[in-house]
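Structure record follows, encoded as structure tokens.
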């Protein structure tokens, strides 16, 4: 388990820059944990504090009950063998640097190249490898010391979408086969959506929200996550709905415009049919979308609840009792 307690990191002398401001974080053994933020948010500083390449100004970094902030350089070097790191820019260092014998190197290289799908490229020079292949070698290098933790700092940001997908699939496979804890630092929401179990959102050196990816994705609280989610799925009202004359004024000649947000098993519940049956109202579905985060479905509907004002209010009160998200987006003319 990785535990960060009140981590701060300050750079500079007189003109100090506080990159991290009291970070508290727990990452469970064997999970794929995402840390997402915009450029300058502090995410790379944070991941480098985990393996103490950056020493926190204050706070504790505890891995498997060992406080790395209390270790000397010799102890840290030994501990870092348990922590592999993959960077945005490909690193193709040799196993000879960790003092392995020739026989050990040959066996290790063969098994690692097989693991990352590059057995047929064993004799190639780096210049003969594509970007994706170089990153696979970088992953193999990071796994050379049999680490318990793999840190990925923007590991796919230099790759095209198809290559990114193959690298993410490889990381998932490594996580499942070897049980390695993977920490993914990224500014790409698609990466978090594809492989992470939980995610922390960092903004100006502060963790703004944290939780299961599907929970954060379907109900973002911070502006950073709202912006990231919008880059994946458009939660704004489609132009055709805006043109219906939506206002925030409730009146007898208007109907309620509602957005329903679903996740998990709730995506298959007959919510609209239940509302129609219970309140004898018409419900018009204007727009909807369903997607998946790993194997868990999520989605939303934009509907108009018709009927008199009292019936609309009762129907929406009932919706609020259901295990789904909901919000009134406004009111549309009855002749929409």
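Does anyone have the angle between helix 161-178 and the longest principal axis of the chain? Alpha-carbon axes, 0 to 90°, nearest 10? Tilt of helix 161-178: around 70 degrees. Each residue in 49, 152 was given a count of other beta-carbon atoms within 10 angstrom of its own, and listing them fewest first yields 49, 152. Highest GNM mean-square fluctuation among 14, 273, 140, for the chain modelled with Cα contacts below 10 Å: 14. Taking the number of Cβ atoms within 10 Å of each Cβ as an exposure proxy, the fewest-first ranking of 70, 134 is 70, 134.
Per the helix-only calculation at 222 nm, which mean residue ellipticity applies to the chain, given -39500 (n - 2.57) for every DSSP H run of n ≥ 4 and division by its residues, nearest 500 deg cm²/dmol? Write out the running numbers ahead of the final one.
Numbers: 11 runs with 108 residues, N = 336.
Computed mean residue ellipticity for the chain: -9500 deg cm²/dmol.
For the chain, the longest principal axis of the Cα atoms and the long axis of helix 309-320 meet at an angle of about 20 degrees. In this simple spin-label model, placing a label point 7 Å from the Cα along the Cα-to-Cβ direction at both residue 177 and residue 11 gives a separation of 3.7 nm.
Looking at the chain only, what percent of DSSP beta bridges run antiparallel? Nearest 5 please.
Working: 48 of 66 bridges.
Rounded to the nearest five, the antiparallel share is 75 percent.
Seen against the Cα atoms of the chain and their longest principal axis, helix 223-232 is set at about 90 degrees. If you compute Rg/Rh (Cα atoms, Kirkwood Rh) for the structure shown, which of (i) 1.09; (ii) 1.14; (iii) 1.03 do you land on? Recomputing Rg/Rh (Cα atoms, Kirkwood Rh) here gives the entry labelled (i).
Remind me, relative contact order of region 239-333 in percent, using alpha carbon pairs under 8 angstrom and six or more residues apart?
Details: 159 pairs, mean separation 44.8, N = 95.
So the answer I get is 47 percent.
Among 80, 141, a tally of other beta-carbon atoms within 10 Å of each Cβ gives an order, fewest to most, of 80, 141. The mean sequence separation of alpha-carbon pairs under 8 Å and at least six residues apart, normalised by the residue count of the chain, gives a relative contact order of 17 percent.
At a Förster radius of 25 Å, what calculated FRET efficiency corresponds to the Cβ-Cβ distance of residue 38 and residue 3, to the nearest 0.05? Once rounded, the FRET efficiency stands at 0.50.
Using the Cβ-Cβ distance between residue 55 and residue 292 with R0 set to 45 Å, the FRET efficiency works out to roughly 0.65. Remark: spin-label model distance residue 29-residue 66 equals 1.4 nm, labels positioned 7 Å along the Cα→Cβ axis.
Could you grab the relative contact order for region 126-259? Cα pairs under 8 Å, six or more apart, rounded to a whole percent. The partial results should precede the final answer.
Numbers: 103 pairs, mean separation 21.4, N = 134.
Across region 126-259, relative contact order equals 16 percent.
Computed over the Cα atoms, what is the radius of gyration of region 239-333 divided by 2.2 N^0.38 Å, N being its residue count? Rg over 2.2 N^0.38 Å, computed on Cα atoms: 1.08.
Each value in this text was obtained by applying a stated rule to the coordinates, not by laboratory testing. Owing to the predicted nature of the structure, the values given are computational and were not obtained by experimental measurement. Cβ: placed from backbone, ideal geometry, glycine included. Neighbour counts: every protein chain shown.
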